[in-house]
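One structure is given below, encoded as structure tokens.
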Amino acid sequence: MAASLSIVIYKGSPIDASEFRHTALFLEFPEATTLLIHVTGASGFFQAEVRPGEEPTRSKKFIKKIFVGTITGQTKTAIESTIKFTPIDNSDRSWNCQNWVGDALKKLSDRQWITGGAFSKAIDAMVEVIIDAPDEA
């Protein structure tokens, strides 16, 4: 099974500053199913959440979808659980969803489910969108 993997970036809340921009991973499968996987909560209380059937572009806060790559040779369940169980660092107050997306992509790269080049390119593109936030905290 092949899955298209993207990073999704949303406007920050309560203001659209870089540190408040929300990031998630978005998977599209051949059978027209989708999964949005992200961490929710506040610093020290983050937890992973999976949203089946999500369409990020319909959100009023949607900014951009960045294609990372196509994952092949893995089941939907394996892909979902590998991403969902990426460690969450609730001990570091500066850690957030942006770090989690990077950690999840690194995990996929380490397993060779995406290339190192795709990982680097996606992280660079994500950072560019994040730092383009119009507000300052």
* Asked: Got a sec? Which residues in segment 19-49 would a label at residue 99 touch, if it sits 7 Å along Cα→Cβ and we count backbone N under 19 Å?
  -> 19-25, 38-49
* Whether segment 3-131 is rounded, prolate or oblate, judged on the alpha carbon gyration tensor where a/c under 1.5 counts as rounded -> rounded
* Structure fact -> When 38, 22 are ranked with the fewest other C-beta atoms within 10 Å first, the list becomes 22, 38
* Asked: Ranked by Cβ crowding within 10 angstrom, fewest neighbours first, how are 126, 1 ordered?
  -> 1, 126
* To do: Would you pull out the residues with amide H under 5 Å of residue 69's amide H, same chain only if 5 or more places away, H placed 1.01 Å from N?
  => 5
* Between 56, 87, 14, which gets the highest mean-square fluctuation from a Gaussian network model of the chain, Cα cutoff 10 Å? -> 14
* Between segment 66-137 and segment 5-21, the alpha-carbon center distance in angstrom -> 14 Å
* Model label zone, residue 62; criterion: amide N under 14 Å from point 7 Å along Cα-to-beta-carbon; scope segment 32-50 -> 34-36
* Among 21, 93, 51, which comes first, second and so on when ranked by fewest other beta-carbon atoms within 10 Å? -> 93, 51, 21
* Asked: Add -39500 (n - 2.57) for each DSSP H run of 4 or more in the chain, then divide by its residues: what number comes out at 222 nm, to the nearest 500 deg cm²/dmol?
  -> -9000 deg cm²/dmol
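The numbers here are math on the coordinates, done by the rules we state, and not lab data. Treat the numbers as computed from the prediction; the structure is a model and nothing was measured. Virtual Cβ from ideal backbone geometry, glycine too; neighbours counted across all protein chains shown.
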